[in-house]
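Everything below concerns the one structure shown next.
Each reported figure results from applying straightforward, stated rules to the coordinates on display, with no laboratory input. Computed from a predicted model, the values in this text were never measured in an experiment. All Cβ positions, even for glycine, are placed from backbone atoms using ideal geometry, and neighbour counts span all protein chains on display.
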Amino acid sequence: MNWITKILKAGEKIKTAIKERASKEDIANSDWTSCCIGPILKKDLESNLWVCPECNKHHRIKPKDRFDILFGKNNYEIFKTPIPKDDPLNWTDSKSYKDRLKSARKKTGLECGMLVASGNIDNINITAVASDFDFLGASMAAAEGEAFLYGIQHAIENKTPFLCISAGGGMRMMESLISLSQMTRTTLAINELKKKGLPYLVCITDPTAGGITASYAMLGDINIAEPGALIAFAGARVIQGTVKEELPEGFQKSEYVEKTGFVDLIVERKELASKIRTLLSILLKRNSVITSEQNETAEDSQSLTKVAS
């Protein structure tokens, strides 16, 4: 291969890269997206809570969109959470970690991959945290750990249930052991919440994997999952290569994980708010049926006491 051929081939590669980049940017900024039926207007998908009307795929959405669905449009308070020092290990691979954080913040408008909010469902005050997959794959690092702990502390101080809407590929390698320590920190924080008798609910969304699955995403009093969500620790190909056999159909999807007992309920996005309201009414003993039964039990006990005396 002579030098002219090399230059021409290099030029073609550059053209292809520019074309692909422009294509992704055009799609992101256009009014259209795609699903099983092909192109679909984003506004039509949004009107259906970002769920495909044909195949029922629950598309990934932003934390604010999740809070809008749960609490009502802008009917909640978002908290500013502590942000530790960026790039504590001075990490650089093909790109510096500081540059990656800068790009993620510009793309999402968030300071870290988690957003903490306080809202209300049917007169039940709730503290909630949700992850943004567009922020470095919603991976966990020190800032996300601080956000989670801030939310737990707010829940304890205000005596509210805590709802975690999980997503992400695991711990963030750019912070190494600092990132891994968030598994322990979040677990200890959840234990403190439970010691106070406050419910901890988890809504698992696509995808939830790695150290996130191995810590706070599987510690709920009740674990809810969206339909079709990927729920895993290691990847399916790694597992298949280890066990040397074919994996079941739908392996690691929420429906399969429910059958194996790691998920309690699969709830469609449109029904999530009402389902959480029902569950919290029971857990907080605000359910009218439970209350009346408790009163009847108490009256029966008093009657028995009087007879016995």
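Quickly run through the range 249-272 and pick out the residues that are surrounded by fewer than 16 Cβ atoms within 10 Å (Cβ to Cβ), within 20 Å of the chain's Cα centre (by Cα) and in a helix (DSSP H, G or I). Selection gives Glu255, Lys270, Glu271.
When residues in the range 218-248 are screened for being more than 13 Å from Thr205 (Cα to Cα), free of Cβ contacts under 8 Å to residues at least 40 places away in the same chain and within 14 Å of the chain's Cα centre (by Cα), 1 of them pass. In this structure, Lys275 does not qualify as part of a helix (DSSP H, G or I), in contact (Cβ under 8 Å) with a residue 24 or more places away in the chain and surrounded by fewer than 14 Cβ atoms within 10 Å (Cβ to Cβ). When the range 106-162 is filtered for residues that are part of a helix (DSSP H, G or I), closer than 27 Å to Gly197 by Cα and among the hydroxyl-bearing types (Ser, Thr, Tyr), only Tyr150 remains. Residues of the range 174-196 that are without any contact (Cβ under 8 Å) to a residue 24 or more places away in the chain and either in contact with a Lys or Arg (Cβ under 9 Å, 6 or more places away or on another chain) or of a type in the set (A, V, I, L, M, F, W, C) (or both): Leu177, Leu188.
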